[in-house]
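Following: one structure in structure tokens, then a few remarks.
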Amino acid sequence: MADSICRALRDGALEGEHAPALTIKDNIASPFGFDVFSHVLSQLSSNILAGKSQSRGLVLVAFRRSPSFYVDFLKRKGVDISSSHKWIQILDCYSDPLGWKDGFSLETSNVASSCKNVKDVHKLLSTIIELGQGLVGQGKVRFSAAIDSVSEMVRHASVSSVSGLLSNLRSHDQVSSIFWLLHSDLHEDRVTAAFEYLSTMVASVEPLNQFGNGQRSNMNTFPLLEQSFAKGKFHVRFKRRNGRVRVACEEVRVEQSDVNFTSVSSDNGMINEGLIPKVQFNLQLSEKERIDRANVVLPFEHQGQMLAKLWTD
Amino acid sequence: MAAFRPRIGSFSRNVSASSSSLTPGLKHGPNGTTFISSGVPDLDKILGGGFSLGSLVMVIEDAEAPHHLLLLRNFMSQGLVHNQPLLYASPSKDPRGFLGTLPSAGSSKDEKSSKRDSDEEKGLRIAWQYKKYFDENHQSLDSNRDSKKEFCNDFDLRKPLERQFLIGKQIDCVSTQDSQNLVALHDRCAAFLSQFSRNESSVSVAGRIAIQSLCAPQFVHSDMEWDMLSFLRSLKGMVRSSNAVALVTFPSTLLSLSTSKRWQHMADTLLSVKAIPDEDKDLAKLLTGYQDMIGLLNVHKVARINTQFPVILEATTFSIKLQKRRFLVLECLNQAPIDGSSGSSYSTSGSCSGSSRTGTLDF
């Protein structure tokens, strides 16, 4: 439900609550995470410009693409960028993240500021907050933050410091919402779990055909691969305020850098069996139990046969 | 004195009558243990009285739901209402902010008694307070009745805890985010627990430690699993020899499986909370009362101190509901076809099943 995600980010945080946080994750079999990320970005930007969202500004931390790419992208999407410096600031961690290019003057525009040391996570946090406050002032007005790829951040800094940055951003009074992109293949499960722990919505892009227990489609299914290249499943898990988890599923199609979400007609016929103990009486035997039952030797059943065996042996 | 009290079990402490009326907030348990309340009345009943002093209670969080915070809040509020010192550690930068979210006791009796106090003249009030300290047997009937009822309060999650319970009480807050290693937290716990060491035979005051999300990713050494395990082990030892209860919550999905198992073994009482999916038609058909449920609570282990007999519960899974959206109640799970009426609370029902495997000691 991409619309619900965009609406949740648009509505932002309630008073006294931490900001909603979205994790977008993908994997190698369905590498459309960036497309979803940019879709969410363009939606939020148009909401900010139209004044419909709680936040009045957006700070984008760009690790994977240059700021000019984002400016062009927003232009293509029809977002008005002539006044862009008033509502968007891009922190450029792409051009020179580790400060190797000394003396090389980077192009700066009124939307982009460069970061020369991405390893210093504290400095990064304060820069993001400064940029945001530069957009919206120091009062009660809020801004949103987007991180191009948390996977990139974790290459340079430890998971705990990046988690600290994200949770501090979430709990900051002036942050309305944040969202980030994560490539789950690049990390151990624990790292992915840590970022999902911090977020209130988890959107994952998965391939349409998953074999067995999540194995990726192998080389024998080439035709399938080509067909499903531009399509994938879009699962979202919302952590609602009442403590329940809302699960939704859609189909996502990527065509020529345009992203479409269509609802899926399939039903969620699975009961979450892991959740509840055997509350229901199950009078059917499973296959294994049937075989075991057939193998049981009852004490008095084969008496005659055993004796007969004794005589014949 | 001792002869008049019935003997429970083969070992029972000869407690004299005067100290059998403990300070409110403490209750005698079997085998010479003392209970303090968890803040949730149903949970106290399930655990057989409350949390035993000297036990380490651990709650496995679900990454998708904040139900562990409900347990934490009730635990902390109960301690403050009973004037028990509290040490609270959390991974956020400002732990004091969490104190603002603590619920207040919802029962009307408490409101009446506090109003009465403020109305009395100062002179009389002082006299009454002295009476409470020096002569426990001559407590007025009203306050006696209150103290008996007050062992566990029903907390109203919609009302914040009154200021009088927060000011002037001993509440220490620790933020675990910036500390480089666990030594600081360990020392704070040790200093706090030294006030409650078990020297005298009677317990005068009990302490509470609440640690939220011990292995949260913001915590600097969520990578150093052996260090955290040693911290837990040391905490367990310190708590066992003092009159305090430590409640630690942790998200087990963020730990490796073996580490998570080790942590679970460390606990004296182990609970876990789970989220439930929203608008799940299958679950709604399967369980009654699904509409009001916000989550599930599993009791994995119950502390038994000074005894070899384990506690085997009839049911281990309970649903967490908010009664009137205010009060936390735990109910046994009832399956829809057999019991069409709404679920009953733990003390009255015995009809539902927990796990299908019975304990090995069940005959």
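Here are the numbers for the structure shown:
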quantity	calculated
The one condition in (1) within 12 Å of another protein chain (Cβ to nearest Cβ); (2) open to solvent by 10 Å² or more (accessible area, probe 1.4 Å); (3) within 30 Å of B:K321 (Cα to Cα); (4) among the hydrophobic types (A, V, I, L, M, F, W, C) that B:M266 fails to fulfil	(1)
Those residues of segment A:12-32 which are in a strand (DSSP E or B), surrounded by 24 or more Cβ atoms within 10 Å (Cβ to Cβ) and touching a Lys or Arg at 6+ places or on another chain (Cβ under 9 Å), in sequence order	A:A21
Checklist (1) within 14 Å of another protein chain (Cβ to nearest Cβ); (2) in a strand (DSSP E or B); (3) aromatic (F, W, Y) applied to A:F195, failing item	(2)
Complete set of residues in segment A:190-243 that are modelled with pLDDT of 80 or more and of a type in the set (A, V, I, L, M, F, W, C)	A:V191, A:A193, A:A194, A:F195, A:L198, A:M201, A:V202, A:A203, A:V205, A:F234, A:V236, A:F238
Count - residues of segment B:306-323 that are modelled with pLDDT under 85 and open to solvent by less than 30 Å² (accessible area, probe 1.4 Å)	1
Residue match in segment B:172-183 (condition: more than 21 Å from the chain's Cα centre (by Cα), more than 14 Å from chain A (Cβ to nearest Cβ), farther than 27 Å from B:I46 by Cβ and not in a loop (DSSP other than H, G, I, E, B))	yes
Test: A:P67 is more than 19 Å from the chain's Cα centre (by Cα) and within 25 Å of A:K123 (Cα to Cα)	yes
Strands (runs of 3 or more DSSP E) (entirely within segment B:1-89) containing at least 3 residues that are at pLDDT 85 or above and under 28 Å from B:Q170 (Cα atoms)	B:34-36, B:56-61
Restricting segment B:239-258 to residues that are open to solvent by 10 Å² or more (accessible area, probe 1.4 Å) and in a helix (DSSP H, G or I), the residue that is farthest from the other protein chains (Cβ to nearest Cβ)	B:R240
Which numbered condition A:K75 fails, given (1) modelled with pLDDT of 85 or more; (2) among the basic types (K, R); (3) closer than 28 Å to A:V159 by Cα	(3)
Some residue of segment A:170-189 being facing chain B (nearest Cβ under 8 Å), more than 22 Å from A:I48 (Cα to Cα) and at pLDDT below 90	no
Looking only at segment B:294-305, and only at residues there that are more than 19 Å from B:N74 (Cβ to Cβ) and touching a Pro at 6+ places or on another chain (Cβ under 9 Å), the one that is surrounded by the most Cβ atoms within 10 Å (Cβ to Cβ)	B:R304
2 or more residues open to solvent by less than 80 Å² (accessible area, probe 1.4 Å) and among the small types (G, A, S): qualifying strands (runs of 3 or more DSSP E) within segment A:38-119	A:55-62, A:112-114
Selected residue [out of contact with any Cys (no Cβ under 6 Å at 6 or more places or on another chain) and touching a residue at least 40 places away in the same chain (Cβ under 8 Å)] from B:L257, B:L229, B:L271	B:L271
Number of positions in segment B:302-317 that are among the polar types (S, T, N, Q) and either under 17 Å from B:L53 (Cβ atoms) or away from chain A (no Cβ under 14 Å) (or both)	3
Members of segment B:269-293 found to be of a type in the set (A, V, I, L, M), within 21 Å of B:E64 (Cα to Cα) and surrounded by fewer than 20 Cβ atoms within 10 Å (Cβ to Cβ), listed by number	B:L283, B:A284
Positions within segment A:95-112 being at pLDDT 70 or above and aliphatic (A, V, I, L, M), in sequence order	A:L98, A:V111, A:A112
Count of segment B:274-303 residues which are at pLDDT 85 or above and of a type in the set (D, E, K, R)	2
Tally of residues being facing chain B (nearest Cβ under 8 Å) and among the hydrophobic types (A, V, I, L, M, F, W, C) across segment A:239-254	2
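The values are calculated or read from the model by the stated rules, or taken from the named source; none is laboratory data. It should be emphasised that the depicted structure is a prediction, and the values quoted were computed from it without experimental measurement. Note that we place each Cβ from the backbone using ideal geometry, even for glycine, and neighbour counts take in every protein chain shown. With ligands, DNA and RNA removed, areas are computed over all heavy atoms of the protein, side chains included. Shrake-Rupley method; radii C 1.70, N 1.55, O 1.52, S 1.80 Å.
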